[in-house]
1. If ASP137 passes every condition in (1) among the acidic types (Asp, Glu); (2) modelled with pLDDT of 90 or more; (3) buried (at least 19 other Cβ atoms within 10 Å of the Cβ) but one, which one does it miss?
2. If you scan the range 22-66, which residues turn out to be over 25 Å from ARG103 (Cα atoms) and touching a Lys or Arg at 6+ places or on another chain (Cβ under 8 Å)?
3. The conditions are (1) in contact (Cβ under 8 Å) with a residue 12 or more places away in the chain; (2) over 19 Å from the mean Cα position of the chain (by Cα); (3) under 17 Å from HIS204 (Cβ atoms), and GLN287 fails exactly one of them. Which is it?
4. From ALA236, ALA213, ALA232, which residue is among the small types (Gly, Ala, Ser) and part of a helix (DSSP H, G or I)?
5. Condition check: within 13 Å of ARG152 (Cα to Cα), of a type in the set (A, V, I, L, M, F, W, C) and at pLDDT 90 or above. Does ALA300 satisfy that?
6. Is it fair to say GLU69 is modelled with pLDDT under 85 and either outside the structural domain of ALA252 (by TED's automatic domain parsing) or hydrophobic (A, V, I, L, M, F, W, C) (or both)?
7. Pick from VAL156, VAL98: which is among the β-branched types (Val, Ile, Thr), touching a strand residue (DSSP E or B) at 6+ places or on another chain (Cβ under 8 Å) and crowded, with 19+ Cβ neighbours inside 10 Å?
8. Residues of the range 302-327 being of a type in the set (Asp, Glu) and either crowded, with 17+ Cβ neighbours inside 10 Å or under 18 Å from the mean Cα position of the chain (by Cα) (or both), which ones?
Amino acid sequence: MSPAKTDSWPVTVIPGAPGPELLQEIQTVIDAAEDADGNPPFSEQTLVELKSTGAGPHSVLTLLTYAPEDASPTVGEDLAGVAVVVLDGSEGVLEIVVHPAYRNDGVGAILADKLVEARGLQGIKAWSHGDHEAAADLAASYGYRAIRELWRMRLVRQSPSSGDVPEQTTNDYPTPDGVTLRTFVPHQDEEAWLAANAAAFVHHPEQGSMTLADLQARMAEPWFDPAGFFLAVNDAGEILGFHWTKTHPARAGQAAMGEVYVVGVTPAAQGLGLGKILTRQGMDHLQNAGLRAVMLYVDADNEAAVSLYRKLGFTKWDSDVMYGPMSA
């Protein structure tokens, strides 16, 4: 099918988050793309915004294009692609997902063209999760270039025989004097953790801006487990560092996988070795849960973090690329 034929495909523009029925359709496309590509097409924050009952024109712009019945490989009208812009004032981040059945048909270009018509590209950056060639070509056609690279790194450990590896506790890891490890306590640690997270990631474009609503949205997800959320605290109870782990369920022939979701150390605790201690604590927790593979995200230019993860046995697995205007 030539891209020109898709010019007549209808595009629906929603100034805000979609309703429950549309959200289910969008999730179906997301799942199909993730099964085909092995990685999620939308960032976690975008999914949080899509599900938020408070999202409106000021925070989310959703575009959907449907394949007419005569163009569909199945029966009826199918959702062929989705574009979502998460807005923050005059700036925004664009992500596009195209159903595997409709790729190479110009669907991404339709959605991008509609976005230009509806809002323009001023202040917009775009993610390509998995660094797809089609996304790079589409970005170039709008005068965009790669401005950031986020690596996915992975470690696969040998599966231990039953009883070979004892259950690890937060007391098994030597810590500096006056520092202890414990797990996150819901309804107690939220505000203190947000403050520590903001301090640890003051220069990070996404992580450092997490709000209480963002945290609560993640705590409401099925994967959240406070037993896998480790805190390093001093004698006064202040949080100096943390390692929040995550578990991804098995899908499309891929075994369940653990994630070093976020590791952070506050500026006041830098140099104490807490990042390494917390990382190992969380990784052992994931392995004890029966997860052989562990992955993480890290900015490619964060040399210190990449070096640490390489020493722990992680290797580059995949990458996400952010695109911005040539002048950016």
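1. ASP137 satisfies all of (1) among the acidic types (Asp, Glu); (2) modelled with pLDDT of 90 or more; (3) buried (at least 19 other Cβ atoms within 10 Å of the Cβ) except (3).
2. If the condition is that a residue be over 25 Å from ARG103 (Cα atoms) and touching a Lys or Arg at 6+ places or on another chain (Cβ under 8 Å), then VAL48 is the only one that fits.
3. Failing condition for GLN287: (3).
4. ALA213
5. So ALA300 passes the test.
6. Here the answer is yes, as GLU69 does meet what is asked.
7. None of the other options fit; the residue is VAL98.
8. ASP318, ASP320
The values are calculated or read from the model by the stated rules, or taken from the named source; none is laboratory data. Computed from a predicted structure; not experimentally measured. FYI the Cβ positions are ideal-geometry reconstructions off the backbone, even for glycines, and counts take in every protein chain you see.
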